[in-house]
Every structure is written in structure tokens, then in C-alpha cells.
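Peer 1: Quick one: this structure, given as C-alpha cells, is what I'll be asking you about.
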Amino acid sequence: MVSTGTPTYDQIRLFLAVVETGSFASAGRKLNRAVSVVSYGIANMEAQLGLQLFEREGTRRPRLTDAGQAILAEALTIAQGMDGLRATAKGLLDGLEAQVSLAVDVMLPSDRLGEVLRGFNTAFPTVSLRLHVEALGAVTALVLDEQADIAISGPLVTGFDGLERVSAGSVPLIPVAAPDHPLARLADPGSGAAREHIQLVLTDRSPLTAGQDFAVRSPRTWRLADLGAKHALLREGVGWGNMPLPMVEGDLMTGALVRLHLPDDPGGLYRFHAIHRRSAPPGPAACWLRDRFVETGKAHPHPDLPDA
């Protein structure tokens with residue numbers, strides 16, 4: 001069995017510079033090295049691996065051999081890993097978090113969440129993200145229990161001590177049902193009509209708001225801990241309920257759901273707040289996330305709607 005040596009990182013850098021620039025001389029200029037140093041480093045790397053990486057005979061420019069082409073992919077991976085290692089170390093020395101734990105309310109529109117997290121990945125490529133999606137008081141509970149550094153919570157955080165909060169926009173909630181639901185077939189539902197039908201209600205997985213009901217109009221309720229399940233049941237005609245407008249806009253356009261015009265429940269705004277523990281101020285990456293959620297919230301105002 002033939003054994004191979006281990007090239008140094010400096011040899012790998014020389015190899016990649018030759019590939020990138022197309023010549024030993026250009027690689028030397030790029031790295032501020034003499035041509036002889038570049039040539040010697042490549043020769044040593046070939047000796048370590050027992051492979052010829054470049055064709056040098058009969059060509060003015062070194063050309064990768066088949067073996068060199070195969071080694072190139074691995075060399076790029078090593079170089080990218082080293083770049084990431086250095087960036088992570090620099091970030092930690094500068095006070096940047098290694099990881100941010102973010103909790104968001106399930107009502108937060110997915111396109112808004114995606115926009116912010118896409119920007120976060122670009123701005124902080126070395127910071128890992130842990131994302132929790134919860135409903136109602138469970139979002140606040142993750143922050144209070146120190147499982148999340150920051151959160152985008154619904155309008156349920158005002159009564160809890162030890163939290164800093166800032167407004168982060170809102171989303172319209174509207175009452176909807178399937179087109180064959182009895183409420184949808186009423187041209188003018190009177191006051192109290194909704195009380196005669198099952199209302200699908202999002203329930204809290206935390207004890208913070210145990211026993212509290214929010215926007216519940218009917219004594220007949222089905223309680224679900226998952227917004228996606230609520231959406232599916234509404235489409236199936238099982239009850240009526242309030243949903244965030246962005247989540248059901250497509251259904252309203254296709255007719256899979258219809259908006260209900262209920263005197264007792266016209267819908268309204270579900271307001272968001274960015275929160276964190278007062279005793280644990282967020283670091284640079286978490287602050288960036290908080291500020292971006294606040295900015296995107298301002299970009300989608302709904303001034304004419306009351307609170308839900």
C-alpha cells in the first residue's frame with residue numbers, strides 16, 4: 001500500500017494561487033513570493049502526495065493533470081474551512097456570538113422571516129442560528145427560560161417582569177371559513193351568528209397564559225397547538241377561525257377560503273414585539289436580528305385596523 005504525506009496549508013495556498021492566476025509567476029506576485037518559492041512549494045506538495053498536479057512540458061502555462069483536478073476540489077474545501085475558522089475566531093475576539101437562539105411567533109409572516117434570516121446569513125456567515133417557532137405565551141416562555149436570546153413575540157409580553165421590548169410591526173388577522181361553511185353562505189351574518197358554530201382556536205403550549213382566551217367568540221371551540229393544522233381544518237370546512245392574512249391570501253384568491261364579515265369578530269391587528277431578558281442584553285448578531293425585524297415591521301404598517 002502506497003502511503004502519502006500531508007501537504008502544509010502554505011503549499012495548498014500556493015497550489016490554489018497557481019490555479020487561480022494561471023502561472024507560477026502570477027501566483028508569486030499575488031502572494032508576494034519569489035517564483036522559485038512557488039515552484040519549490042508545488043514540487044514538495046507533489047512529492048508529499050506522490051502525484052503530478054500540473055503538466056509543465058510543452059505548454060507555456062501550467063495545466064492541471066487529472067490528478068490535480070481531483071485534488072483541486074479537496075484543496076478548495078480545506079481553504080474555505082480555514083477561512084471560516086479564521087473568521088469565526090476573529091468574530092469571537094471581537095465579541096460576536098458563536099450562536100444566536102431566536103424564537104418567533106407562528107403568526108409572523110414567513111416571507112418576512114425569510115427576508116430577515118437571508119440577510120442575517122449574509123451579514124454573519126460564521127454565526128450559527130437556532131430557530132424556535134411557537135405560539136402565544138410559549139414564545140415569551142422560551143426567553144424567560146433562557147432558551148432563546150431574543151424573540152419576536154405576539155402581544156402577550158406586557159405583564160412579565162425582566163423583559164425589554166420594542167414594537168416590531170403587526171399582521172392583520174381575519175375571520176375565514178370554507179365556502180361551503182354555513183357562515184360563508186350567509187349574506188349578512190347577524191350578531192351572535194358565529195356563536196352557533198365551532199371556532200378553531202390556537203392554544204398556548206406554555207403555562208404563561210393558561211386559562212386565558214384571546215378573540216374567542218363561540219362557546220363551541222376546537223383548540224389546536226399548530227397553526228398549520230388549523231389552516232388545514234378551515235379548508236376542510238371544519239369550523240371557522242381567525243388567520244393571518246398573508247397565510248390565507250392564496251386561498252382567498254382561489255376560493256378555497258372566504259372572508260367572513262362577522263359583526264362580533266371583524267378581525268384586527270396581531271402586534272409583534274422584539275423581546276429579550278433585561279439581564280442578558282443581546283450581542284452584535286442578535287441586535288442586528290432585532291433591529292431588522294423592527295425595520296421590516298415598520299415597512300408593513302396597517303394603521304386603519306384595530307387590535308385583534
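The values are calculated or read from the model by the stated rules, or taken from the named source; none is laboratory data. These figures come from a predicted structure and were not determined experimentally. Cβ sites come from the backbone with ideal geometry, for glycine too, and all protein chains shown count toward neighbours. Please note that ligands, DNA and RNA were not included when accessible areas were found on the heavy atoms of the full protein model with its side chains. Shrake-Rupley method; radii C 1.70, N 1.55, O 1.52, S 1.80 Å.
Peer 1: Once each part is reduced to its C-alpha centroid, what is the distance from the stretch 115-132 to the stretch 1-78 in angstrom?
Peer 2: After rounding, the separation between the Cα centres reads 35 Å.
Peer 1: Under a Cβ-only charge scheme (Lys and Arg +1, Asp and Glu -1), can you give me the dipole magnitude of the stretch 218-287 about the Cα centre, in debye to the nearest 20?
Peer 2: The calculation lands at about 360 debye.
Peer 1: Would you mind telling me the share, in percent, of accessible area of the stretch 106-176 contributed by carbon and sulfur at probe 1.4 angstrom?
Peer 2: With neighbouring chains kept in place, the figure for the stretch 106-176 is 44 percent.
Peer 1: Please provide three numbers in whole Å: the alpha-carbon extents of the stretch 236-277 along the principal axes, with the largest listed first.
Peer 2: Cα spread of the stretch 236-277 along its principal axes, largest to smallest: 43, 25, 18 Å.
Peer 1: Of all accessible surface on the stretch 1-75 at a 1.4 Å probe, what whole percent is carbon and sulfur?
Peer 2: Values: 2340 of 4640 Å².
About 50 percent, which is the carbon plus sulfur part of the accessible surface.
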